[in-house]
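Participant: Here it is, the structure in full.
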Amino acid sequence: MDRTELDSAVVERCAQCRGVWIDFFDGEFAGIARELDPGGPMGESSKSKVGCVDCKVEMPRVSYLREGPKLHRCPDCLGTFATPKQLASLAAYFETETDEPPSWWDRFWEWAHRL
């Protein structure tokens, strides 16, 4: 993984698939998606399963804030991984839905409701 510093966060990007990893407390993923160039092939990951870079557990695909694009989310640490296609979908989703990405509190509340 290559580290990339943005104005809003530090993200890690896979050198092979160009997917992006962000820890839960490092920043708001929708805002980061707008800031980043997808930077890779727009197909899905060639791997059928994606594992958390920190916890080493399989990460299921879940809808971002229940209704957004599906992203890989770690059930333990809540880190998120998105392929270039998912990243572009997330950026486009928030361009059409709202001017403001969800707050940290909204993301935490959404997570707490899943418990």
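Participant: Within region 33-44, identify whether any single residue is over 13 Å from C74 (Cβ atoms), outside any helix (DSSP H, G or I) and modelled with pLDDT of 80 or more, and answer yes or no.
Facilitator: If we filter region 33-44 for residues that are over 13 Å from C74 (Cβ atoms), which is where we start, we get 33-44.
Next, from what is left, pick out any that are outside any helix (DSSP H, G or I): 36-44.
Next, from what is left, pick out any that are modelled with pLDDT of 80 or more: none.
No: region 33-44 contains no residue that is over 13 Å from C74 (Cβ atoms), outside any helix (DSSP H, G or I) and modelled with pLDDT of 80 or more.
Participant: Take the residues in region 20-38 that are in contact (Cβ under 8 Å) with a residue 24 or more places away in the chain and charged (D, E, K, R); name whichever of them is farthest from R107 (Cα to Cα).
Facilitator: E35
Participant: Could you list, ordered by first residue, the pairs with Cβ atoms under 9 Å in which the first is in region 7-19 and under 21 Å from K70 (Cα atoms) and the second is of a type in the set (A, V, I, L, M) and part of a loop (DSSP other than H, G, I, E, B), at least 6 apart or interchain?
Facilitator: V11/L36; E12/M1; E12/V53; R13/M1; R13/L36; C14/M1; G19/V50
Participant: Within region 1-32, take every residue that is over 21 Å from Y93 (Cα atoms) and among the polar types (S, T, N, Q) and give me the one that is modelled with the lowest pLDDT.
Facilitator: My answer is T4.
Participant: Which of the residues spanning region 63-79 are in a loop (DSSP other than H, G, I, E, B) and of a type outside the set (A, V, I, L, M, F, W, C)?
Facilitator: Selection gives E67, G68, P69, P75, D76, G79.
Participant: Got a number for residues in region 13-26 being buried (at least 18 other Cβ atoms within 10 Å of the Cβ), more than 10 Å from the chain's Cα centre (by Cα) and farther than 13 Å from P84 by Cβ?
Facilitator: Of the residues in that region, 0 qualify.
Participant: Just the residues that are within 10 Å of the chain's Cα centre (by Cα) and hydrophobic (A, V, I, L, M, F, W, C), please, taken from region 46-76.
Facilitator: Of everything in region 46-76, just one residue is within 10 Å of the chain's Cα centre (by Cα) and hydrophobic (A, V, I, L, M, F, W, C), namely L71.
The values are calculated or read from the model by the stated rules, or taken from the named source; none is laboratory data. As the structure is a computational prediction, the values presented were derived from the model and not from experiment. With ideal geometry, Cβ positions are generated from the backbone for all residues, glycine too; neighbour counts draw on all protein chains shown.
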